[in-house]
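Encoded as structure tokens, the structure appears first; notes follow it.
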Amino acid sequence: MHQVDAGGALTPAGDLPVNNLKSTDPDGICQLLAKLIPKSSAVIFCPNKKNCENVAVLIAKSLPSHVRQLKRAETESFLQSYLADNDDERMDAVLKQCILSGVAYHHSGLTQDERKCVEAAFMEGLIYVVCATSTLAAGVNLPVRRVIIKCPMVGRERLGKSQYLQMAGRAGRAGFDTKGDCITIVKAGEEERWFREMLKSEIPRCMSSLSSLPSMCSFILDIVSLKVATNLSSILTAVRYSLYAAQEPPEKIEELVKNSLTQLQTQHFISTDENDVITATELGAAVFNAGFAPEEATVLHADLLSSLNQGVIFSSHFHLLFIITPYEQACTINWDLFLLMYNALPSSERKLLAQCGLEEKFILDAIISRVELAPGTPRMRLYIALMLQKIWNHEPMFTVAERFGVEKGWLQGTLQSSISQAASIAKFSEKINTMWPLRKLLPELVQRLSEAAQPELLPLMAIDGVKKARAAILFKAGYKTVGMIARANPQKIVQELGKIRLAQANSIISSAKMVLRDQVDEKLEELDVWGVAADDFAYF
């Protein structure tokens with residue numbers, strides 16, 4: 001063991017006892033937990049998702065029986081109440097067994113419900129150890145007594161100084177604990193050498209994202225669309241208020257701004273009149289309205305025009321699902337399943353896809369060569385669209401994930417990205433007359449993908465912790481609006497839902513209040529646009 005001082009230097013700080021579990025636990029993680037739990041808690045950061053699961057299972061099996069059984073009955077009750085609203089989904093069996101032993105893993109491969117369940121159980125003291133990837137350090141506030149970094153790697157990349165401080169910062173958080181420590185397990189040799197160098201290195205500077213051409217193009221299109229700037233001089237004035245202006249000389253900034261204006265004009269996002277007044281074109285206004293970056297909008301616009309020129313197939317929603325499939329998602333493709341699913345499509349859709357270059361031969365060539373596809377390629381998007389079609393047909397998410405060999409968390413994230421993409425494309429289409437079919441069709445598609453429930457339950461499902469099953473119970477009990485739940489008594493909610501804890505009921509009511517507040521703010525903004533003062537209404 002070595003102590004890290006303020007300057008990053010290491011000084012000897014004693015030896016660990018002999019590791020009696022070296023064959024199953026070569027890193028000695030169980031030693032580092034032995035005197036800590038169950039009185040205190042720990043987070044173990046692992047380099048990848050699979051390692052998180054393996055370490056959690058190892059610890060769960062290695063814990064003494066009395067520790068595993070200490071809060072088992074309470075944990076079983078917690079899981080029963082937390083998963084009561086699981087709507088055709090199921091918790092990973094390995095994760096459930098780990099949680100019952102007081103251990104869990106947390107990574108992006110889990111669904112949102114599974115991650116929330118782990119976080120809630122940890123905060124209630126039912127879980128002593130969480131094995132997580134580095135994303136937990138930045139995204140979730142789980143204070144602990146001890147942080148263990150199992151390996152100074154994040155995936156295949158070396159751990160950086162800022163990442164290291166984020167991870168270490170989970171231990172001994174002010175207001176949660178009086179002390180804490182962070183132990184990093186480092187192999188002798190090359191790993192130790194660069195780890196020592198990292199500890200002594202400076203924290204990377206915070207750099208403005210406006211330094212890149214795509215970001216500057218996006219920024220300029222935004223301020224032109226908002227009429228904040230209408231010429232080169234006013235654009236440069238706006239940029240002077242940014243962090244970028246504090247980091248770069250004026251001549252470099254002016255050069256980047258001019259290059260960005262040239263690119264935006266070349267791509268037909270902006271136009272300049274004889275008085276050098278800059279305005280957004282129809283396409284530029286559509287990009288701004290949808291919230292797309294100009295760079296991605298160029299590809300998207302071309303693809304949308306191509307799809308519409310070939311004609312929209314109305315025999316099913318598959319063609320629309322393909323159109324809204326996000327470009328940034330990728331997964332490992334099961335080519336045999338891909339071919340089977342493709343051939344199961346109606347002949348009209350296969351004919352349309354063939355006209356877009358996505359014919360059967362295109363898939364057979366890939367099966368022979370077993371190519372690895374990058375995000376955004378037509379074949380990758382088509383494969384993902386086939387998954388979305390199964391979800392559209394109300395197949396449970398875990399069933400679809402198992403069939404296609406992808407993680408549930410990834411599939412859930414892809415579905416949410418698709419819904420967001422569809423909503424953005426609908427806004428994009430509002431500003432371009434030739435895309436009227438998408439303007440008419442996509443809102444219904446977004447609603448159908450989002451709901452998987454009766455329309456009357458949708459407002460209640462906007463509340464955190466309320467999905468289809470709970471929404472149906474609450475609606476039947478008379479809670480037909482978000483406002484009614486916001487004003488509800490927590491004890492009454494517990495009584496109506498059953499198998500739910502008081503903390504969950506309070507959380508549901510708090511979320512309902514936030515949703516209601518957002519809805520009121522939205523209406524106030526609409527009134528302001530209409531020129532009507534909120535003071536004119538007694539309600540406000």
Condition broken by Arg196, with the remaining ones in (1) open to solvent by 20 Å² or more (accessible area, probe 1.4 Å); (2) within 30 Å of Thr281 (Cα to Cα); (3) assigned to a helix (DSSP H, G or I); (4) touching a residue at least 12 places away in the same chain (Cβ under 8 Å) satisfied: (2)
Glu295, sole failed condition from (1) touching a helix residue (DSSP H, G or I) at 6+ places or on another chain (Cβ under 8 Å); (2) at pLDDT 90 or above; (3) open to solvent by 60 Å² or more (accessible area, probe 1.4 Å): (2)
Condition check for Glu76: open to solvent by 10 Å² or more (accessible area, probe 1.4 Å) and within 24 Å of the chain's Cα centre (by Cα): no
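In this structure, is Leu441 touching a His at 6+ places or on another chain (Cβ under 8 Å) and closer than 30 Å to Glu328 by Cβ?
Numbers: touching a His at 6+ places or on another chain (Cβ under 8 Å): no; closer than 30 Å to Glu328 by Cβ: yes.
So Leu441 does not fit the description; no.
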Filter result (more than 27 Å from Lys39 (Cβ to Cβ) and open to solvent by 50 Å² or more (accessible area, probe 1.4 Å)) within segment 93-112: Ala93, Ser108, Gln112
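Is it fair to say Val494 is more than 24 Å from the chain's Cα centre (by Cα), part of a helix (DSSP H, G or I), β-branched (Val, Ile, Thr) and farther than 26 Å from Tyr82 by Cα?
On the way: more than 24 Å from the chain's Cα centre (by Cα): yes; part of a helix (DSSP H, G or I): yes; β-branched (Val, Ile, Thr): yes; farther than 26 Å from Tyr82 by Cα: no.
When the stated conditions are applied, Val494 does not pass them.
To keep it simple, each residue is scored yes or no on (1) touching a Ser or Thr at 6+ places or on another chain (Cβ under 7 Å); (2) open to solvent by 40 Å² or more (accessible area, probe 1.4 Å); (3) among the basic types (Lys, Arg).
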site	(1), (2), (3)
Val67	no, no, no
Ser81	no, no, no
Val118	no, no, no
Thr135	yes, yes, no
Arg145	yes, yes, yes
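If you take the residues of segment 331-360 that are loosely packed, with under 12 Cβ neighbours inside 10 Å and of a type outside the set (Asp, Glu), which of them is nearest to Gly413 (Cα to Cα)? Reasoning before the result, please.
The first filter runs over segment 331-360 and keeps only residues loosely packed, with under 12 Cβ neighbours inside 10 Å, leaving 332, 336, 340, 343-344, 347, 357.
With the extra rule that they be of a type outside the set (Asp, Glu), the set shrinks to 332, 340, 343-344, 347, 357.
Working: Thr332: 16, Leu340: 25, Asn343: 27, Ala344: 26, Ser347: 30, Gly357: 28 Å.
My answer is Thr332.
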Unmet criterion (only one of (1) open to solvent by 70 Å² or more (accessible area, probe 1.4 Å); (2) out of contact with any Pro (no Cβ under 7 Å at 6 or more places or on another chain); (3) within 27 Å of Arg439 (Cβ to Cβ)) for Glu328: (2)
Lone qualifier among Lys50, Lys61 - being under 23 Å from Tyr164 (Cβ atoms), open to solvent by 70 Å² or more (accessible area, probe 1.4 Å) and outside any loop (DSSP other than H, G, I, E, B): Lys50
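Okay, residues lined up against (1) hydroxyl-bearing (Ser, Thr, Tyr); (2) over 18 Å from Leu210 (Cβ atoms):
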site	(1), (2)
Val239	no, no
Thr262	yes, no
Thr279	yes, yes
Leu283	no, yes
Ala293	no, no
Ala297	no, yes
Members of segment 317-350 found to be touching a residue at least 60 places away in the same chain (Cβ under 8 Å) and either over 11 Å from Ala385 (Cβ atoms) or part of a loop (DSSP other than H, G, I, E, B) (or both), listed by number: His317, Thr325, Pro326, Glu328, Gln329, Cys331, Thr332, Asn334, Leu337
Boolean, Met167 is crowded, with 22+ Cβ neighbours inside 10 Å and closer than 26 Å to Asp5 by Cβ: yes
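I need the full set of residues from segment 199-251 which are over 30 Å from Thr281 (Cβ atoms) and among the β-branched types (Val, Ile, Thr), in order please. Steps first, please.
Taking segment 199-251 first, the residues over 30 Å from Thr281 (Cβ atoms) are 199-207, 246-247, 249.
Selection gives Ile203 alone.
Based on this model, can you work out whether Lys431 counts as open to solvent by 30 Å² or more (accessible area, probe 1.4 Å), under 20 Å from the mean Cα position of the chain (by Cα) and either modelled with pLDDT under 90 or not β-branched (Val, Ile, Thr) (or both)?
On the way: open to solvent by 30 Å² or more (accessible area, probe 1.4 Å): yes; under 20 Å from the mean Cα position of the chain (by Cα): no; either modelled with pLDDT under 90 or not β-branched (Val, Ile, Thr) (or both): yes.
Criteria not met by Lys431.
Report whether or not Ser81 is over 23 Å from Arg170 (Cα atoms) and touching a helix residue (DSSP H, G or I) at 6+ places or on another chain (Cβ under 8 Å).
Yes, satisfied.
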Residue in segment 447-458 that is within 29 Å of Phe338 (Cβ to Cβ), buried (at least 19 other Cβ atoms within 10 Å of the Cβ) and modelled with pLDDT under 80 present: yes
Every pair of residues 6+ apart whose Cβ atoms lie under 6 Å, when the first sits in segment 354-369 and is within 16 Å of His319 (Cα to Cα) while the second is surrounded by 16 or more Cβ atoms within 10 Å (Cβ to Cβ) and of a type in the set (A, V, I, L, M): Leu358/Leu382
Filter result for Asp177 (acidic (Asp, Glu), at pLDDT below 90 and more than 21 Å from the chain's Cα centre (by Cα)): yes
From Ala472, Ala422, residue being open to solvent by 20 Å² or more (accessible area, probe 1.4 Å), assigned to a helix (DSSP H, G or I) and either modelled with pLDDT of 80 or more or over 18 Å from Tyr327 (Cα atoms) (or both): Ala472
Close pairs (6 angstrom Cβ cut-off, 6 or more residues apart or separate chains): in a helix (DSSP H, G or I) in segment 398-416, open to solvent by 50 Å² or more (accessible area, probe 1.4 Å) and modelled with pLDDT of 90 or more anywhere: none
Failed condition for Val228, given (1) over 22 Å from Leu33 (Cβ atoms); (2) at pLDDT 95 or above: (2)
First in segment 480-492 and under 13 Å from Ser511 (Cα atoms), second anywhere and exposed (fewer than 13 other Cβ atoms within 10 Å of the Cβ), Cβ under 8 Å, 6 or more apart: Met484/Gly478; Pro490/Leu502
Residue satisfying all of: in segment 137-193; part of a strand (DSSP E or B), free of Cβ contacts under 8 Å to residues at least 60 places away in the same chain and touching a helix residue (DSSP H, G or I) at 6+ places or on another chain (Cβ under 8 Å); nearest to Met123 (Cα to Cα) among these: Cys182
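Filter segment 345-402 down to residues that are farther than 30 Å from Arg90 by Cβ and among the polar types (S, T, N, Q) and give me whichever is modelled with the lowest pLDDT. Even if it seems obvious, please write down each step before you answer.
Filtering segment 345-402 down to residues farther than 30 Å from Arg90 by Cβ leaves 346-372, 374, 376-379.
Next, only the ones that are among the polar types (S, T, N, Q) stay: 347-348, 355, 369, 377.
Numbers: Ser347: 84, Ser348: 79, Gln355: 70, Ser369: 76, Thr377: 85.
Among them, the one singled out is Gln355.
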Search result, residues across segment 217-241 that are closer than 19 Å to Gln263 by Cβ, aliphatic (A, V, I, L, M) and part of a loop (DSSP other than H, G, I, E, B): Ala229
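The values are calculated or read from the model by the stated rules, or taken from the named source; none is laboratory data. None of these values were measured; they are calculated from a predicted model. For neighbour counting, all protein chains shown are included, and Cβ atoms are generated from backbone atoms with ideal geometry for every residue, glycine included. The accessibility values were calculated without ligands, DNA or RNA, using every heavy atom of the protein model including side chains. Shrake-Rupley method; radii C 1.70, N 1.55, O 1.52, S 1.80 Å.
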